[in-house]
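The values are calculated or read from the model by the stated rules, or taken from the named source; none is laboratory data. Small disclaimer: the values here were computed from a predicted structure and weren't measured. Note that each Cβ is placed from the backbone with ideal geometry, even for glycine, and that neighbours are counted across all protein chains shown.
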Amino acid sequence: MTHWIIAPILIPALAGLLLLLEVRERQQLRRVTGLLSCVALIPVALVLWQQAAQGDVGVYQLGNWQAPFGIVLVLDQLSAMMLLLTAVLALPALLYGCAGDDRRGPNFHSLFQFQLMGINGAFLTGDLFNLFVFFEVLLIASYGLALHGRGTERVKAGLHYVVLNLAGSALFLIALGLIYGTTGTLNMADFAVKAQALEGSDQILLTVAVLLLWVVFGLKAALFPLYFWLPAAYANATAPVAALFAIMTKVGIYAILRMQALAFSDGPLAGLGADLLWWLALVTLALAAIGALAAQRLGGLVAYLVVMSVGTLVAALSLGDPKVVGPALYYLIHSTLICAALFLLCDLLRRSRGDSDDRLESGPPLAHGNWLGAAFFAAAVAVVGLPPLSGFVGKVALLQAVPSAPYWVLLLLAGLAGLVGLSRAGSTLFWRVHGDVVSKKLGRRRVIPMLALLLASPLLTVAAEPLLQLCGGVAEQLADQTIYIRAVLGGAS
Amino acid sequence: MELLVALIIGVLVATGVYLCLRARTFSVVLGLTLLGYGVNVFLFSMGGLKINQVAVVGASADPTDPLTQALVLTAIVIGFAMTAFLVVLALRSQGEQHSDHVDGQDGEQRS
């Protein structure tokens, strides 16, 4: 049973390699391989969640090397929850891709699997350098995916994205070097223990390293002033890729949350950089609201909504209060799934509008305007946080947990800005029409994955109470890191 | 020795950052490469600087740290692959936009 922990990394890795070997012309075979891997990830993630929910922290020692010396994979409730979220997101995104978008480049399916491998690995690893490696795996795959398909805009946005992330990787390495130089370890649990005992100049160096880590994770999470790459990269990516990217910013947030809970909840380094994160997140929230109002394209608008969710989450999490973490996790699940649904919906609209693309201007009437309009309305209500859908539940829970005036004002104003932006987009897209229908069939294979993701919102609303309790349980486990540290450093599993 | 290594890292990183801030893709590629070199040397020196010592415990009285060597090896491999990818991307960018400016066009052209 202990070997289950590595399955979320091995399944996509094997599928990705198999896909590289398969004949390029046999598209159906590649689709089946990719889908099988994604389908398999869901039960595996469920099994892992079952294991983690019992309260123990599972440790998998690679090559059976003892913990501070070898690399470990660690499964606690937070990792298990993120794995489950990734698996639930990946299947509809890949199904949508199988409707035709995967034909636009030869290696879509294998890149998709390697991206999943990187994301799952980043959620599971208990070693800082290994975290760097998995970040690189998911980034390298994402470079390929971001450039999937053609278009000058895509290449331009892709170039910026790659260069920025390479610079980010360099900073990550410097931070890791400093951490190793001062504490002599890269294992997260061991680091958490040793960081408490540092004094003098070593402690100053470690402070620098940790602030560098916040910069790197802030870049991944798209936090001000490091979010400018995101709107262009996400809005120009192919729809299934953009949907999968909805979890990428959350990897950065996960890394911040993990490091904060593990090493900076108490001791001399407690709350290091938290004030900085708080204010930067609030600025992110405000600027994302302005960006959402100013967006010229629906894709850009959705990308700014992603940034908005990042600001909301990081501001809440920077408080370091265990009571906030539960609602924040609920909101994280909600925003990931709904933003992904919006990216897919945006692509459906783009397809029905011919040359008008997703620009927010008067265009041809839509062939299935009523259905698409209803889906857009539901998604908008959910993402902005109006009752009765999940965004409302998430935001109310967050507001209850964060008693801070600037947060309340900014979150509500940002919600209003999102609402205005989406209303403007909806009325332009669906009502300001002229000319004839550019008849294009929607295709059931595209609509069903989009609806499946959208359905997450009512489901999250109906199951809000138990889910919030689950998230609270995850937060409780996260607040008590002695279990984690003992599980990792306590010797053989 | 420490001063020399520190100076080398400083010069490498400074030139790398300078080149990264240029607006042409070629200098950006070169800049990122230099930045990568600087970071690799930095990572390497984090295990402590020792001359003429092997990285095997027991084979010498004062062995050098093997872990940083492994880390640097990983970082070199990843950095090398990324440079190759970036070169191809820069070429494609130039092919599609008919300019090697990182924004696809010069400031003068745009205005």
- Message: Consider segment A:192-234. How many of its residues are within 14 Å of chain B (Cβ to nearest Cβ) and either in contact (Cβ under 8 Å) with a residue 60 or more places away in the chain or among the small types (Gly, Ala, Ser) (or both)?
- Response: 5
- Restricting to segment A:140-157, what's the tally of residues that are at the interface with chain B (Cβ under 8 Å from one of its Cβ atoms) and in contact with a Phe, Trp or Tyr (Cβ under 7 Å, 6 or more places away or on another chain)? 1
- Item | Candidates B:Ala14, B:Ala6 - the one that is more than 10 Å from every other protein chain (Cβ to nearest Cβ), among the small types (Gly, Ala, Ser), surrounded by fewer than 16 Cβ atoms within 10 Å (Cβ to Cβ) and over 12 Å from the mean Cα position of the chain (by Cα) | B:Ala6
- Task: Find the residue count for segment A:372-391, including only residues that are over 23 Å from the mean Cα position of the chain (by Cα), in contact (Cβ under 8 Å) with a residue 40 or more places away in the chain and either within 10 Å of A:Leu419 (Cα to Cα) or in a helix (DSSP H, G or I) (or both).
- Result: 3
- When only residues in segment B:26-77 that are in contact with a Leu (Cβ under 7 Å, 6 or more places away or on another chain) and of a type in the set (S, T, N, Q) count, which is farthest from A:Leu166 (Cα to Cα)? B:Thr68
- Quick one: how many residues across segment B:50-68 are in a helix (DSSP H, G or I) and more than 8 Å from chain A (Cβ to nearest Cβ)? 1
- Note on the structure: Apart from one, (1) more than 24 Å from the chain's Cα centre (by Cα); (2) buried (at least 24 other Cβ atoms within 10 Å of the Cβ) all hold for A:Phe108; the odd one out is (1)
- Message: Restricting to segment A:248-282, count the residues that are buried (at least 23 other Cβ atoms within 10 Å of the Cβ) and of a type in the set (S, T, N, Q).
- Response: 2
- Among (1) more than 12 Å from chain A (Cβ to nearest Cβ); (2) touching a residue at least 12 places away in the same chain (Cβ under 8 Å) - the single one B:Gly47 does not satisfy: (1)
- Query: Which ones in segment A:203-226 are within 20 Å of A:Gly291 (Cα to Cα) and crowded, with 24+ Cβ neighbours inside 10 Å?
  - Reply: A:Gly218, A:Lys220, A:Ala221, A:Ala222, A:Leu223
- Message: For a quick check of your reading of the model, give me the residue pairs whose first member lies in segment B:31-43 and is over 11 Å from B:Ala14 (Cα atoms) and more than 9 Å from chain A (Cβ to nearest Cβ), whose second is assigned to a helix (DSSP H, G or I) and of a type in the set (A, V, I, L, M, F, W, C), with beta-carbon atoms closer than 7 Å and at least 6 apart or on different chains.
- Response: B:Tyr37/B:Leu12; B:Val41/B:Val5; B:Val41/B:Ile8; B:Val41/B:Ile9; B:Val41/B:Leu12
- Message: A:Leu20 - would you say it is in contact (Cβ under 8 Å) with a residue 60 or more places away in the chain and either under 30 Å from A:Gly326 (Cβ atoms) or among the aromatic types (Phe, Trp, Tyr) (or both)?
- Response: no
- Those residues of segment A:319-346 which are surrounded by fewer than 24 Cβ atoms within 10 Å (Cβ to Cβ) and touching an Asp or Glu at 6+ places or on another chain (Cβ under 9 Å) amount to A:Pro322, A:Gly326
- Identify the residue in segment A:162-191 that is hydroxyl-bearing (Ser, Thr, Tyr) and within 10 Å of chain B (Cβ to nearest Cβ) and, among all such residues, is farthest from the chain's Cα centre (by Cα). A:Thr182
- Given the conditions (1) within 24 Å of A:Trp279 (Cβ to Cβ); (2) in a helix (DSSP H, G or I); (3) without any contact (Cβ under 8 Å) to a residue 40 or more places away in the chain, and given that A:Pro466 satisfies all but one, which numbered condition is not satisfied? (1)
- Message: Condition (residue is more than 12 Å from the chain's Cα centre (by Cα) and closer than 30 Å to A:Leu145 by Cα) applied to segment B:49-65: is it met by at least one residue?
- Response: no
- Note on the structure: Just one listed residue, out of A:Ala233, A:Ala261, A:Ala192, is in contact with a His (Cβ under 8 Å, 6 or more places away or on another chain), assigned to a helix (DSSP H, G or I) and modelled with pLDDT under 90, and it is A:Ala233
- So which residues in segment A:365-392 are in contact with a His (Cβ under 9 Å, 6 or more places away or on another chain) and more than 24 Å from A:Ala303 (Cβ to Cβ), if there are any at all? A:Pro365
- Query: Quick check: anything in segment A:481-493 within 24 Å of the chain's Cα centre (by Cα), surrounded by 12 or more Cβ atoms within 10 Å (Cβ to Cβ) and part of a helix (DSSP H, G or I)?
  - Reply: yes
- Query: Based on what the data block shows, is A:Gln77 under 20 Å from the mean Cα position of the chain (by Cα) and within 17 Å of A:Thr125 (Cα to Cα)?
  - Reply: yes
- Message: Checking A:Val74 against (1) part of a helix (DSSP H, G or I); (2) surrounded by 14 or more Cβ atoms within 10 Å (Cβ to Cβ), only one condition comes out false. Which one?
- Response: (1)
- Note on the structure: All conditions in (1) touching a helix residue (DSSP H, G or I) at 6+ places or on another chain (Cβ under 7 Å); (2) more than 20 Å from B:Thr74 (Cβ to Cβ); (3) away from every other protein chain (no Cβ under 14 Å); (4) touching a residue at least 40 places away in the same chain (Cβ under 8 Å) are true of A:Ala80 except (4)
- Residue match in segment A:336-358 (condition: hydroxyl-bearing (Ser, Thr, Tyr) and more than 25 Å from A:Gly218 (Cβ to Cβ)): yes
- Task: Check segment B:77-91 and report whether any residue there is more than 10 Å from every other protein chain (Cβ to nearest Cβ), exposed (fewer than 15 other Cβ atoms within 10 Å of the Cβ) and touching a Pro at 6+ places or on another chain (Cβ under 7 Å).
- Result: no
- Of all residues in segment A:59-71 being outside any loop (DSSP other than H, G, I, E, B) and out of contact with any helix residue (DSSP H, G or I) (no Cβ under 7 Å at 6 or more places or on another chain), which is surrounded by the fewest Cβ atoms within 10 Å (Cβ to Cβ)? A:Gly63
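Among the candidates A:Val44, A:Val32, single out the residue that is assigned to a helix (DSSP H, G or I) and under 22 Å from the mean Cα position of the chain (by Cα).
On the way: A:Val32 fails: under 22 Å from the mean Cα position of the chain (by Cα).
It is A:Val44.
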